[in-house]
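What follows is a short report on a single structure.
The values are calculated or read from the model by the stated rules, or taken from the named source; none is laboratory data. These numbers were taken from a predicted model, which means no experiment stands behind them. Cβ sites come from the backbone with ideal geometry, for glycine too, and all protein chains shown count toward neighbours.
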Amino acid sequence: MAALNNTELKQLLEKEQLGSLTPSEQQLLDEWYNSFDLNQQDLLVFKDPTHELQVRERLLNRIMEAGFTNVAPEKVAKQRNLIQWFSAAAIFLMIIGAVAFWKYAGSSAEKKEVLLSAVTENGMLKEIKLDDGTAIWLNAGSKITYPEHFLNRKREVYLDGEAYFDVIHDASRPFIVHTNHLITTVLGTAFSVTAYKNTSIQLVTVNRGKVAVAHDHNTLGFLTPNKQIEYNIKSGKSYLTDVDASSQMSWKDGKLQFENQDMQNIAARLGRWYGYSFKFEHRNIENCRYTASFNNKIPLNNLLRIMKAISLVNYKIDDAAKTVTFLGAGCNE
């Protein structure tokens, strides 16, 4: 087995805690546990006691297994080696486990957070107040899962969809937003995350403060006000751009605002708001771009008539089937 450096080992331990190890990564970590040299103190470089407790428990299981599978040693030398192994393991576990055990094991019951969920249907916005005072605005067709009370050293929430966060500052407890591909970490700031599972693009936009965005433990960038990172799930590439954050987040104030957005993106947003399915007669229509702003109370038919008046794109609406088809030759990229 190739030796793991401290960074690689820490990443594997963190992924094991999150339950996101791949089969090959799980095998690599299992091999590391099984071949661990108790004279090495590599783990002591980690300051996070949760890692220490995690390894302590795994090694303790190995001790228990060794104790039951070696009840009848064949040789005295084997007995002596086993005793030495137990002694070294016990000393090691005492070193890495003392702080973690008393600080964490004793309070494990109170660290079990009760999770709540909020869901928005099509055409619906919702404001949520978290235990720490953080405010969240949830856009249409979204779901967020969050603890009823923040009991851990990290304030973690899980998002499918789009949300605007106004996070209360707490230097000792970072606020972390998980989507299916990105991890956004802040201390106290205002920003939005767009991460619908059925789309290939995820966005993080900053209105105030500073955030860090990562994918699979690799930092993609640090964002400041009016900066946006776009992550393409299919290509695995990310792009940092300058934006008008207020217009990007205007949906929370009751606006349907599009700033040089392509028809594919516009159709997806309209579909989530009005509950209609949108189709394109020709794929080139998806490339057409628009800048416009509407009140979200406007009837869909009225909005489509305005879009038709300012473009070469026509449309056909079927209210019974709740579908809209955009017609025309479209636009070149």
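Looking at Lys111, Lys129, Lys78, can you tell me which residue is modelled with pLDDT of 95 or more, among the charged types (D, E, K, R) and out of contact with any helix residue (DSSP H, G or I) (no Cβ under 7 Å at 6 or more places or on another chain)?
So the residue among Lys111, Lys129, Lys78 that is modelled with pLDDT of 95 or more, among the charged types (D, E, K, R) and out of contact with any helix residue (DSSP H, G or I) (no Cβ under 7 Å at 6 or more places or on another chain) is Lys129.
Would you mind stating whether Ala267 is surrounded by 17 or more Cβ atoms within 10 Å (Cβ to Cβ) and touching an Asp or Glu at 6+ places or on another chain (Cβ under 9 Å)?
yes
Give the residues of the range 316-333 that are surrounded by fewer than 17 Cβ atoms within 10 Å (Cβ to Cβ) and in a strand (DSSP E or B), sorted by residue number.
Lys316, Ile317, Asp318, Thr323, Thr325, Leu327 - these are the residues of the range 316-333 that are surrounded by fewer than 17 Cβ atoms within 10 Å (Cβ to Cβ) and in a strand (DSSP E or B).
Six or more apart or on different chains, Cβ atoms under 8 Å: show the pairs whose first residue is in the range 18-35 and over 28 Å from Val177 (Cβ atoms) and whose second is outside any helix (DSSP H, G or I) and at pLDDT below 80.
Partner pairs satisfying both residue conditions: Leu28/Met1; Leu28/Leu4; Glu31/Met1; Trp32/Met1; Trp32/Leu4; Ser35/Met1.
Run Leu312 past the list (1) closer than 23 Å to Lys252 by Cβ; (2) touching a Gly at 6+ places or on another chain (Cβ under 8 Å); (3) not in a helix (DSSP H, G or I) and report the number of the one that doesn't hold.
Answer for Leu312: the failing condition is (1).
Closer than 21 Å to Ile266 by Cα and touching a helix residue (DSSP H, G or I) at 6+ places or on another chain (Cβ under 7 Å), is that true of Thr194?
no
Between residues in the range 201-221 that are of a type in the set (A, V, I, L, M) and residues that are assigned to a loop (DSSP other than H, G, I, E, B) and buried (at least 17 other Cβ atoms within 10 Å of the Cβ), which pairs lie under 8 Å by C-beta distance while being six or more apart or on different chains?
Val204/Leu182; Val206/Thr189; Val211/Thr189; Val213/Leu182; Ala214/Leu182; Leu220/Leu182
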